[in-house]
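Below you'll find the structure, written out as structure tokens, and then a few comments.
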Amino acid sequence: MPVTRTSATARAVTAGVVMLAWVALLWLLEGIDTATGHSLDTYGVSPREPAELADIVPSAFLHSGWEHVASNSVPLLVLGFIAALGGTGRFAAVVLTVIVTSGLGVWLTAPAHTVTLGASGVVFGLFGYLLIRGFVDRRPVDVVVGVVIAAVYGSLLWGVLPTDSGISWQGHLFGLVGGVVAAFVFRRPRRPREPQGYVTV
């Protein structure tokens, strides 16, 4: 079914509202965290402690300071908006997959006695998802979108390397993996080909 201008506009508005609300929530939570003496930081993920598995989802919405949340806000807003244009149901499934994959990766591989939190795993996941979605779905428009995103945000890939002990490259790497996995798991079903006419002789 072709996408009409009205439905495309509605999707864009919905995607914009969802992402603005999400980013606003991140800033609100950081404000609460700062006002309460960083009490919310306890919901970050500490590796290989079974009780910390419950913190995988909330840790993706918390940050270690204003600079941290600011650095994640713009790429999350942009990449999230583009991903959400494909439908909020699919977008929610992709984001949840990324959060769980990134969080489990951190829980399994991060150094002992560390606490990891932040939305950067989601940013890397959305980057990976959008990068290959067009190829998986075989949609030329999304392939072009992926190429543009690679050109603009390709430098993000350096973040999967262990170059800074204060940055969770594990969260970045497994977030990226989660985004790639989500592109395959939640790929669009292919339309059946139109039946061809038969010629008898």
request  = Evaluate the following for Arg48: is it in contact (Cβ under 8 Å) with a residue 60 or more places away in the chain and part of a helix (DSSP H, G or I)?
outcome  = no
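Sort out which residues of the range 70-91 are under 15 Å from Val185 (Cβ atoms) and open to solvent by less than 40 Å² (accessible area, probe 1.4 Å), and write them in order of number. First the steps, then the outcome.
Going residue by residue through the range 70-91, those that are under 15 Å from Val185 (Cβ atoms) are 83, 86-87, 89-91.
If the condition is that a residue be under 15 Å from Val185 (Cβ atoms) and open to solvent by less than 40 Å² (accessible area, probe 1.4 Å), then Ala83, Gly86, Gly87, Arg90, Phe91 are the ones that fit.
Per-residue answers, yes or no, for (1) open to solvent by 30 Å² or more (accessible area, probe 1.4 Å); (2) modelled with pLDDT of 95 or more; (3) more than 15 Å from the chain's Cα centre (by Cα):
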residue	(1), (2), (3)
Thr34	yes, yes, yes
Gly37	yes, yes, yes
Ala54	yes, yes, yes
Ala93	no, yes, no
Gly103	no, yes, no
Leu108	yes, yes, yes
Gly121	no, yes, no
Ile132	yes, yes, no
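Kindly evaluate Glu49 against the criterion of being acidic (Asp, Glu) and out of contact with any His (no Cβ under 7 Å at 6 or more places or on another chain). Break it down stepwise before answering.
Details: acidic (Asp, Glu): yes; out of contact with any His (no Cβ under 7 Å at 6 or more places or on another chain): yes.
Yes, satisfied.
From Pro58, Pro50, grab the single residue that is under 25 Å from Val181 (Cα atoms), of a type outside the set (Val, Ile, Thr) and more than 19 Å from the chain's Cα centre (by Cα).
Values: Pro58 fails: more than 19 Å from the chain's Cα centre (by Cα).
None of the other options fit; the residue is Pro50.
Out of Val147, Val181, Val201, which single residue is modelled with pLDDT under 95, over 24 Å from Ala70 (Cβ atoms) and either of a type in the set (A, V, I, L, M, F, W, C) or surrounded by 13 or more Cβ atoms within 10 Å (Cβ to Cβ) (or both)? Give the derivation first.
Numbers: Val147 fails: modelled with pLDDT under 95; Val181 fails: modelled with pLDDT under 95.
One residue alone meets the criteria, Val201.
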task = Output the residue which, of all residues in the range 150-178 that are at pLDDT 95 or above, among the hydrophobic types (A, V, I, L, M, F, W, C) and open to solvent by less than 70 Å² (accessible area, probe 1.4 Å), is nearest to Val100 (Cα to Cα).
result = Phe174
Restricting the range 39-52 to residues that are open to solvent by less than 50 Å² (accessible area, probe 1.4 Å) and of a type in the set (Asp, Glu), the residue that is nearest to Val17 (Cα to Cα) = Asp41
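One line per residue, one yes/no per condition, for (1) free of Cβ contacts under 8 Å to residues at least 40 places away in the same chain; (2) over 18 Å from Leu126 (Cβ atoms):
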site: Asp33; (1), (2): yes, yes
site: Gly37; (1), (2): yes, yes
site: His63; (1), (2): no, no
site: Trp66; (1), (2): yes, yes
site: Leu76; (1), (2): no, no
site: Leu79; (1), (2): no, no
site: Ala92; (1), (2): yes, no
site: Val95; (1), (2): yes, no
site: Gly105; (1), (2): no, no
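The values are calculated or read from the model by the stated rules, or taken from the named source; none is laboratory data. As the structure is a prediction and not an experimental result, all values here were calculated from the model. Quick reminder, even Gly has a Cβ in these numbers, built from the backbone with ideal geometry, and neighbours come from all protein chains shown. Protein only, heavy atoms only, side chains kept; ligands, DNA and RNA dropped before computing areas. Shrake-Rupley method; radii C 1.70, N 1.55, O 1.52, S 1.80 Å.
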